[in-house]
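First the structure, in the form of structure tokens, and then the observations on it.
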Amino acid sequence: MVEFLTIKDFFDNLDFPVKIEQSHDQHAESDIVITINGEKVYANTRTEIRPNHIAIFKGIGQHHQPNAFLVGANYITPKSKEALKTNGINYIDSYGNAFLDLKNLKIFIEKGNAKPVYNVYSEVFTRAGGQVLLHLLLKPDLINANYEHLAEVSCVSLGTVSKTVNGLINEGFVVKWDTEKKYQLIRREELLDKWVTLLNEKILPTHKIGNYRFSTPEHFKIKDSSSTLESCWGNEYGAKIITNYLNPEKYSFFTNRGKADLIGPFKMIPDVNGDICVYKSFWKPRSIELFHHYSETAANPLLIYAELIYTGNDRNIETAKIIFDEYIKPNL
């Protein structure tokens, strides 16, 4: 409702005949129909719009006439605004920023005053809570596992697990499943959508070790055979291992080894401008399934999907969809 009012308030201030109606068609892909000077525009609303949402709006926009689709939100990230404009998708936010490229109306307003929407404190969508969510999204049945196990595989405290599970219940992502007091994880696609943002904005920055480059010719064939050591490729190179589809330009690398241990076995040296972004693994070794192809190892497809989709890059989004359809969707 708030996002609907955002759109209504914006158009109420224009000196044009405007009619705004909420769609009552359950099968419609757009929430609102706006008629401006006889020109119809179909609109969708969200609380926030981030890069990982662009693919969704592009898909919806393809079902409408060019430039006849609009998204409204309380907050739209700068990167998302650029992506929306590039793809001919109109937008309005609650701060009065707008891009409208209609047949009879052209508006572009950028005040640079928009700020992220901060919701009431959530015990779920925190950095540590996101580490627990990784395991729950991969194995939803773990919602009924004992807290000690979840804490161990997620590398968090018992208190974090307790707060996360209780938060999921309170926020409607978990319901009682049967009389044996077992729980079921629901609204998984929505949970995944929120986790993508959480991973890229809170988890990865916290666990970043630094940027590196190879000291010798590229040395991608890495394999840790120890039960206590685990390393794998993420991002575009991880996607290449999984799909053999993407020609990688960006690299992320996950390991539970220390900084000093990157130079010897991996031939990596620190370089602030290096194209390999190295992260400390935020899960217990062997607790999630990695993807092995010959002598190369990729992170779990869920993690790679989240990295790719968040970029908003067309080629990454296309690859992310391949990974989603084959490895993630069946589990949601």
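All of the numbers you see were taken from the coordinates with simple rules; none came from a lab. These numbers were taken from a predicted model, which means no experiment stands behind them. Cβ atoms come from the backbone with ideal geometry, glycine included; neighbour counts cover every protein chain shown.
Divide the volume of the convex hull of the Cα atoms of region 20-153 by its number of residues and quote the answer in cubic angstrom per residue.
Looking at region 20-153, the number lands at 155 Å³ per residue.
On a full-extension model of 0.36 nm per residue, what is the gain between Ile109 and Asp314, subtracting their alpha-carbon distance, rounded to one decimal in nm?
So the extension gain works out to 71.3 nm.
Let me check the size of the chain from its C-alpha atoms; what are the radius of gyration and Dmax in Å?
22.1, 69
Would you compute, from DSSP H runs of 4+ residues alone, the mean residue ellipticity of the chain at 222 nm, taking -39500 (n - 2.57) per run and dividing by the full residue count, rounded to the nearest 500?
-9500 deg cm²/dmol
Could you work out how much longer the chain between Lys259 and His293 gets when fully extended? Use 0.36 nm per residue separation minus the Cα distance between them, nm to one decimal.
Roughly 9.7 nm would be gained on extension.
Skipping prolines and chain starts, which residues have an amide H placed within reach, meaning under 5 Å, of the one on Thr77, given they are 5 or more residues away or on another chain?
Here the answer is Ile49, since their amide H atoms fall under 5 Å of that of Thr77.
In angstroms, what radius of gyration and Dmax does region 202-331 have, counting Cα atoms only?
Expressed in Å, the Cα Rg and Dmax of region 202-331 come to 13.9, 41.
Taking R0 as 41 Å, what's the FRET efficiency between Ser226 and Asp101 from their Cβ-Cβ distance, rounded to 0.05?
That pair, Ser226 with Asp101, gives E of 0.15.
Among Trp177, Trp195, which comes first, then next, by fewest other beta-carbon atoms within 10 Å?
Least crowded to most crowded, the residues run Trp177, Trp195.
Using a Förster distance of 35 angstrom, determine the FRET efficiency expected from the C-beta separation of Glu190 and Asn37, and round it to 0.05.
The value I calculate is 0.45.
Which one, Tyr305, Ile54, Phe282, projects farthest toward the positive side of the charge dipole computed for the chain from Cβ point charges (K/R +1, D/E -1)?
The residue sitting most towards the positive pole is Phe282.
Over region 127-186, what relative contact order in percent results from Cα pairs under 8 Å that are six or more residues apart?
With pairs under 8 Å counted, the relative contact order is 32 percent.
Give me the number: length gained by fully extending Asn67 to Arg286, i.e. 0.36 nm times residue separation minus the C-alpha to C-alpha distance, one decimal in nm.
74.0 nm
Going Cα to Cα from Lys259, which lysines come in below 24 Å? Please leave out same-chain ones fewer than 8 positions away.
Lys202, Lys208, Lys221, Lys223, Lys250, Lys267, Lys280, Lys284
So how do Thr164, Thr35 line up by other beta-carbon neighbours within 10 Å, fewest first?
The order, fewest Cβ neighbours first, is Thr35, Thr164.
Counting only pairs 8 or more residues apart or on different chains, how many lysine pairs in region 96-192 have their Cα atoms under 30 Å apart?
10
Among 70-82, 285-297, 315-327, 100-112, how do they line up by average Cβ neighbours within 10 Å per residue, starting with the highest?
Per-residue Cβ counts within 10 Å, averaged per peptide and sorted highest first, yield 70-82, 315-327, 285-297, 100-112.
Picking from Ala68, Asn90, Ala128, whose Cα lies most toward the positive end of the charge dipole for the chain (charges on Cβ: Lys, Arg +1; Asp, Glu -1)?
The residue sitting most towards the positive pole is Ala128.
Hey, with R₀ at 22 Å, roughly what FRET efficiency would Glu180 and Lys139 work out to, going by the Cβ-Cβ distance, to 0.05?
0.70
Got a sec to turn the phi values of region 285-294 into Karplus ³J(HN,Hα) couplings, 6.51 cos²θ - 1.76 cosθ + 1.60 with θ = phi - 60°, whole Hz, x for Gly and Pro?
Result, ordered by residue: x, 6, 8, 10, 7, 9, 10, 10, 9, 6 Hz.
What is the Cα radius of gyration of region 142-206 over 2.2 N^0.38 Å, N being its residue count?
1.19
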